[in-house]
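*Asks:* First the structure, which I've put down as structure tokens, then a few questions once you've had a look.
The values are calculated or read from the model by the stated rules, or taken from the named source; none is laboratory data. Computed from a predicted structure; not experimentally measured. Ideal geometry is used to build each Cβ from the backbone, glycine not excepted, and the neighbour counts take in all protein chains shown.
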Amino acid sequence: MATPEKNVAASAEELPWQWQEQRWRTIVNKVRAGRSLKPAAWKGGARCAVALSFDSDHESSTLRWGDNSPGKLSQGEYGSRVAVPRIRRLLERYDIRASFFVPAVVAKLHPEEQRGLVAAGHEVGIHGWIHELNSKLPPADERELQMRSADELERITGVRPVGIRTPSWDFSQNTLAISREMGLLYDSSMMADDEPYELLEDGEPTGMVELPVEWIKDDAVYFNMDRFSALRPYTAPSSVLEVFRREFDGAYQEGGMFLLTMHPHIIGHRSRIAILEELIAHMRSQPGVWFATHAEVAGFCKEQAGL
């Protein structure tokens with residue numbers, strides 16, 4: 001039975017089914033998908049764009065919860081110690097440039113990793129300060145952390161980041177305004193389409209490109225593991241490869257974009273990096289596939305749309 005205090009709290013705040021229409025419309029319209037930015041053809045006349053991305057969460061996956069477990073931290077350390085070098089070798093073999101979204105704390109822990117990525121032609125993008133949840137932050141804190149993260153990435157790599165992927169794809173009611181204030185080219189945290197689109201804020205076009213993600217195109221949902229919870233890997237690598245391959249084949253058939261999100265400490269293990277190589281080999285076997293960083297895809301879409 002609810003306590004009297006809970007009853008008072010419930011009566012003081014309207015429940016969603018009691019909201020006036022203006023309230024829920026305002027919430028829904030804060031950030032929406034605008035016009036499609038899918039070009040008639042991709043760069044060089046390519047049929048399909050492939051944007052591979054890696055969220056280098058490393059130790060921040062543990063630190064963000066205030067946890068100090070050496071065991072959990074070591075699971076993240078694998079990402080920098082073993083996985084990123086393995087991923088870099090794979091991308092080099094196939095002459096592919098990718099995007100790495102890096103929390104600032106991770107960049108500070110592993111600065112040479114980030115410098116090496118940039119030197120190899122890869123993109124380093126914003127991924128929060130310590131993989132914090134934006135929707136839990138006061139607006140001023142979110143703004144300060146996002147701007148400080150960009151400054152730190154620029155200081156370490158020598159290149160100012162032009163795009164953001166919010167940690168855990170947690171996009172608050174304030175995130176877009178902060179990203180616009182920073183003059184960012186693109187975001188890659190939303191899920192309203194398969195193809196790039198222009199973000200709207202309060203119904204108005206922003207000129208900012210969205211490169212949408214999706215959980216089915218993310219390695220973590222299939223492979224993640226937490227010893228102290230019910231979170232366990234439940235899908236064989238071969239089955240994950242089938243999902244990813246079918247998503248690419250559909251994008252290729254439609255002349256669209258295939259964007260894949262991965263995490264070094266997850267995809268970088270031997271049994272899993274193998275499926276990424278199989279996928280890359282399959283995509284490389286198709287004519288007219290443009291492999292590009294997120295910044296390159298967003299820049300091309302914006303240019304073609306005249307934004």
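*Asks:* Among the residues of region 262-291, which ones are more than 20 Å from ARG81 (Cα to Cα) and touching a strand residue (DSSP E or B) at 6+ places or on another chain (Cβ under 6 Å)?
*Replies:* Across region 262-291, the qualifying residues are MET283, GLY288, VAL289, TRP290, PHE291.
*Asks:* If ALA251 meets every condition in (1) in contact (Cβ under 8 Å) with a residue 24 or more places away in the chain; (2) farther than 16 Å from LYS38 by Cβ; (3) of a type in the set (Gly, Ala, Ser); (4) in a helix (DSSP H, G or I) apart from one, which number is that one?
*Replies:* (2)
*Asks:* Separate question: Could you list, in sequence order, the residues of region 185-227 that are at pLDDT 95 or above, over 24 Å from ALA251 (Cα atoms) and either under 14 Å from the mean Cα position of the chain (by Cα) or polar (S, T, N, Q) (or both)?
*Replies:* Once the filter is applied, which keeps residues that are at pLDDT 95 or above, over 24 Å from ALA251 (Cα atoms) and either under 14 Å from the mean Cα position of the chain (by Cα) or polar (S, T, N, Q) (or both), region 185-227 yields only THR206.
*Asks:* Which pairs do you get when a residue that is of a type in the set (Asp, Glu), found in region 71-99, comes within reach of a residue that is not in a helix (DSSP H, G or I), reach meaning Cβ atoms under 9 angstrom, with the pair 6+ apart or on two chains?
*Replies:* If the second residue must be not in a helix (DSSP H, G or I), the pairs left are GLU77/HIS58; GLU77/GLU59; GLU92/ALA120; ASP95/PHE291.
*Asks:* Scan region 206-213 and give yes if some residue there is surrounded by fewer than 16 Cβ atoms within 10 Å (Cβ to Cβ) and farther than 29 Å from GLU113 by Cα, otherwise no. Full working, then the answer.
*Replies:* The initial filter retains those residues of region 206-213 that are surrounded by fewer than 16 Cβ atoms within 10 Å (Cβ to Cβ), namely 207.
Filter once more, so that each one left must be farther than 29 Å from GLU113 by Cα: 207.
Yes, region 206-213 contains at least one residue that is surrounded by fewer than 16 Cβ atoms within 10 Å (Cβ to Cβ) and farther than 29 Å from GLU113 by Cα.
*Asks:* Restricting attention to region 83-136, report how many residues are surrounded by fewer than 16 Cβ atoms within 10 Å (Cβ to Cβ) and under 17 Å from the mean Cα position of the chain (by Cα).
*Replies:* The qualifying residues number 2.
*Asks:* What number of residues within region 29-67 satisfy the criterion of being farther than 30 Å from PHE228 by Cβ, of a type in the set (A, V, I, L, M, F, W, C) and either within 22 Å of the chain's Cα centre (by Cα) or assigned to a strand (DSSP E or B) (or both)? Explain how you work it out, then say what you get.
*Replies:* Going through region 29-67, the residues farther than 30 Å from PHE228 by Cβ turn out to be 29-52.
Adding the requirement that they be of a type in the set (A, V, I, L, M, F, W, C) leaves 31, 33, 37, 40-42, 46, 48-52.
Filter once more, so that each one left must be either within 22 Å of the chain's Cα centre (by Cα) or assigned to a strand (DSSP E or B) (or both): 31, 33, 37, 42, 46, 48-52.
Summing the residues that are farther than 30 Å from PHE228 by Cβ, of a type in the set (A, V, I, L, M, F, W, C) and either within 22 Å of the chain's Cα centre (by Cα) or assigned to a strand (DSSP E or B) (or both) in region 29-67 gives 10.
*Asks:* Something else now. Name every residue in region 104-161 that is of a type in the set (Lys, Arg) and closer than 24 Å to GLY66 by Cβ, in order of residue number. Steps first, please.
*Replies:* Applying the first criterion (of a type in the set (Lys, Arg)) to region 104-161 yields 108, 115, 136, 143, 148, 155, 160.
Those that are of a type in the set (Lys, Arg) and closer than 24 Å to GLY66 by Cβ: LYS108, LYS136, ARG143, ARG148.
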